[in-house]
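The values are calculated or read from the model by the stated rules, or taken from the named source; none is laboratory data. What you see is a predicted model, and the numbers here were worked out from it, not measured in a lab. Reconstructed Cβ throughout: ideal geometry from the backbone, glycine too, with neighbour counts over all protein chains shown.
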Amino acid sequence: MKDKKEYAKIALENFKSGYNCCQSVLLAFKDELGMDEEQLAKLASGFGAGMGKLREVCGAVSGMFMVASLLKGYSSPTAKEEKVETYALIHSMADEFKAQCGSIICRELINQSDNGNVVPEERTETYYKKRPCGELCAIAAEIVAQKLF
């Protein structure tokens, strides 16, 4: 297991390498998840930019929830206690993210709505300077590390 700050660093590096926010966070924990990197990247691919560029729940938050679910979630439809525990963990993570960032909603975090535009912006130096997304990925990964390890 890595140092808790290391996960934040990896998530930020993932984002800067071109992964979306959800992929960036999920892939920061690939070793702990014991799953194939390509499968994880595909699983998270539709959750970037606030769920497929809908600008709804932040992709970093979705990635945070995916990691928590894969590590601490339940699989049985009758697992009532485990469901409560999982949902409580998700609420706790969301509350911490909101406390640090002000929201879990993408358009509120980046102060932007795309009005149906599905084309991702080019990842340029200007893009990285105007967007808090890399830092949001780092925060989400650190919250996961603090809550789960």
Hey, any hits in the range 70-80 for a residue that's in contact (Cβ under 8 Å) with a residue 12 or more places away in the chain and either hydrophobic (A, V, I, L, M, F, W, C) or loosely packed, with under 14 Cβ neighbours inside 10 Å (or both)? yes
Just name the residue that is nearest to Ile105 (Cα to Cα) out of those in the range 13-37 that are within 14 Å of the chain's Cα centre (by Cα) and of a type in the set (A, V, I, L, M). Val25
Residue identified as under 25 Å from Gly102 (Cβ atoms), modelled with pLDDT under 95, assigned to a helix (DSSP H, G or I) and among the charged types (D, E, K, R) among Lys5, Lys53, Lys9: Lys5
What's the number of the condition His91 fails, among (1) assigned to a helix (DSSP H, G or I); (2) under 23 Å from Glu32 (Cα atoms); (3) in contact (Cβ under 8 Å) with a residue 12 or more places away in the chain? (3)
Read through the list (1) over 26 Å from Lys30 (Cα atoms); (2) in contact (Cβ under 8 Å) with a residue 40 or more places away in the chain; (3) assigned to a loop (DSSP other than H, G, I, E, B), then give the number of the only condition that Asn115 fails. (2)
Matching residues, the range 59-78, being part of a loop (DSSP other than H, G, I, E, B) and touching an Asp or Glu at 6+ places or on another chain (Cβ under 9 Å): Gly73, Tyr74, Ser75, Ser76
For the range 124-138, does any single residue satisfy the condition of being among the hydrophobic types (A, V, I, L, M, F, W, C), within 24 Å of Leu33 (Cβ to Cβ), in a helix (DSSP H, G or I) and out of contact with any Phe, Trp or Tyr (no Cβ under 9 Å at 6 or more places or on another chain)? no
If you check Ser45, Ser103, Ser62, which single one turns out to be surrounded by fewer than 17 Cβ atoms within 10 Å (Cβ to Cβ), within 12 Å of Cys21 (Cβ to Cβ) and modelled with pLDDT of 95 or more? Ser45
